[in-house]
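The values are calculated or read from the model by the stated rules, or taken from the named source; none is laboratory data. None of these values were measured; they are calculated from a predicted model. Methodologically, a virtual Cβ is constructed for each residue, glycine included, from the backbone with ideal geometry; neighbour enumeration extends over all protein chains shown.
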There are 2 protein chains.
Amino acid sequence: MSNIYLSIYRELAQQIEKGKWKTGGKLPSEKELSEHYGTSRETVRKALNLLSQNGYIQKIKGKGSFVLGFNRYDFPVSGLVGFKELLSKTKKSWKTYIHVLKPAISDPCISSQLGLKRPEPIWEVVRVREIDGEKIILDKDYFRQEYVPVLTEDVCKDSIYEYLEKKCSLPISFAKKVITIERMTEEDRQLLDHQEESYVAVVRNYVFLEDNTLFQYTESRHRPDKFRFVDFARRN
Amino acid sequence: MSNIYLSIYRELAQQIEKGKWKTGGKLPSEKELSEHYGTSRETVRKALNLLSQNGYIQKIKGKGSFVLGFNRYDFPVSGLVGFKELLSKTKKSWKTYIHVLKPAISDPCISSQLGLKRPEPIWEVVRVREIDGEKIILDKDYFRQEYVPVLTEDVCKDSIYEYLEKKCSLPISFAKKVITIERMTEEDRQLLDHQEESYVAVVRNYVFLEDNTLFQYTESRHRPDKFRFVDFARRN
DNA sequence: GAGTGGTCTAGACCACATC
DNA sequence: ATGTGGTCTAGACCACTCG
């Protein structure tokens, strides 16, 4: 795929991250950019709109496009991003313990979370995430086997997302996240390092494919003192 | 402002909400829509992309645009949305108590949250939100007086957002939300109905104007058992 | 092959900001 | 008046899906 506007977006995004354009500074005008890239203005505009949506720039009518500069490193949480990508931009040391990795038949509770009418073969993965020597996150993943025939330990130590999207080329299309605060379960207490906390922050992630079928359900249970969710929202 | 693509977006969004197009059903093709609205295909595409970004539809190459159908009523939380808009789509009864509403000089803590180098005149608003007879949310708002000269009780009982954007026509451009779990303060304990909880879910909202200045800081403190944050994320 | 959405173009007019 | 971004057009070619 060529995709001019995407490559312009990536180039500009990288340049902004590397500091080629100063925070608060102005990018070249749309006309100049279209001449520089030898493309049409609408195509440049698609790239700039992507930058805007992702918090890199701010467009102001009659003035120009200005580079925003607040810490982009804690942004990636909002969106379809997994644990590995989350940590890649920080310098913390981390480790993943695979506690459970097995094929199973969905019990009524999981069936309902996956929107299944009847029990079905699934993968069940339970992982504990350790950051800076503390076990802080309990990740419980459930996939429909119909879509993921093979799942190995190596994959689970890494990013499951990457594996599903790149290796299995599953058409992941959108996800819905629901964040709640819940009482610790016995399982939380056993697997996570904790002091006297009695609550955990629970992020339930429902992942849908292009045909609108729900194929993955993930429950991410965080120790409350280490939990932090960042969201970036643009008006219009 | 005419803005064809926005009006097409709103019309289709309303039709979808009213059930004119069935969940899982197909919208007319882009060609048909452009003929129906007497406009170009690119313009229709802008409307459809908006629908897609807001979770109304799912576009599939070679097939068409399909109507998604999960409960849209709990979506509005993700985005720049205030308490009043949040409740408007539900049927719960609610009430707002204004606890504090006064001009003040920003103390060091607030100055730092608002990114101010030196103390500055601000508005301080503390409100308690009651839903179904229970005091559940404590909202603490801080605005720079430079931008908001007048603030009345009536405005605070309603939506401050609406007032700022429509009445004051402040160019609100984007916001950053940070969600954390924190121990209850003495103030939380006094103002909220609670049982034995010791934690609250804190949503810190930083609102920026078009010129990239931070002008509002809001702290929304929720009783954990009633807290729920929903996020919708589309891949690409 | 026909229908669909995805990308791209070259130009147009508008509203807003600046001088 | 000039430069900027916002909208819109009429057409083009491509990649994908489906019969």
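For this structure, a couple of remarks:
- Complete set of residues in region A:3-39 that are within 8 Å of DNA strand C (Cβ to nearest atom) and within 12 Å of chain B (Cβ to nearest Cβ): A:N3, A:L6
- Annotation: of all residues in region A:50-72 being near DNA strand D (Cβ under 10 Å from one of its atoms) and not basic (K, R), the one that is farthest from B:Q53 (Cα to Cα) is A:G62.
- Lone unmet requirement of (1) touching a Leu at 6+ places or on another chain (Cβ under 8 Å); (2) modelled with pLDDT of 75 or more; (3) surrounded by fewer than 17 Cβ atoms within 10 Å (Cβ to Cβ); (4) closer than 30 Å to A:G25 by Cβ for B:P171: (2)
- Note on region A:194-236: enclosed strands (runs of 3 or more DSSP E) holding 2 or more residues that are more than 9 Å from chain B (Cβ to nearest Cβ) are A:199-209, A:214-222.
- Annotation for region B:117-124: at least one member residue is surrounded by fewer than 18 Cβ atoms within 10 Å (Cβ to Cβ), without any contact (Cβ under 8 Å) to a residue 12 or more places away in the chain and on the phi < 0 side of the Ramachandran plot.
- Residue in region B:174-186 that is over 30 Å from A:V203 (Cα atoms), polar (S, T, N, Q), part of a loop (DSSP other than H, G, I, E, B) and more than 14 Å from chain A (Cβ to nearest Cβ) present: no
- Identity of the residue in region B:40-63, within 9 Å of DNA strand C (Cβ to nearest atom) and of a type in the set (S, T, N, Q), that ends up modelled with the highest pLDDT: B:S40
- Filtered residues of region B:12-49 (kept if in a helix (DSSP H, G or I) and either near DNA strand D (Cβ under 7 Å from one of its atoms) or exposed (fewer than 13 other Cβ atoms within 10 Å of the Cβ) (or both)): B:Q14, B:K31, B:E32, B:H36, B:R41, B:E42, B:T43, B:K46
- Verdict on A:Y206 being surrounded by fewer than 20 Cβ atoms within 10 Å (Cβ to Cβ) and under 25 Å from B:K176 (Cβ atoms): yes
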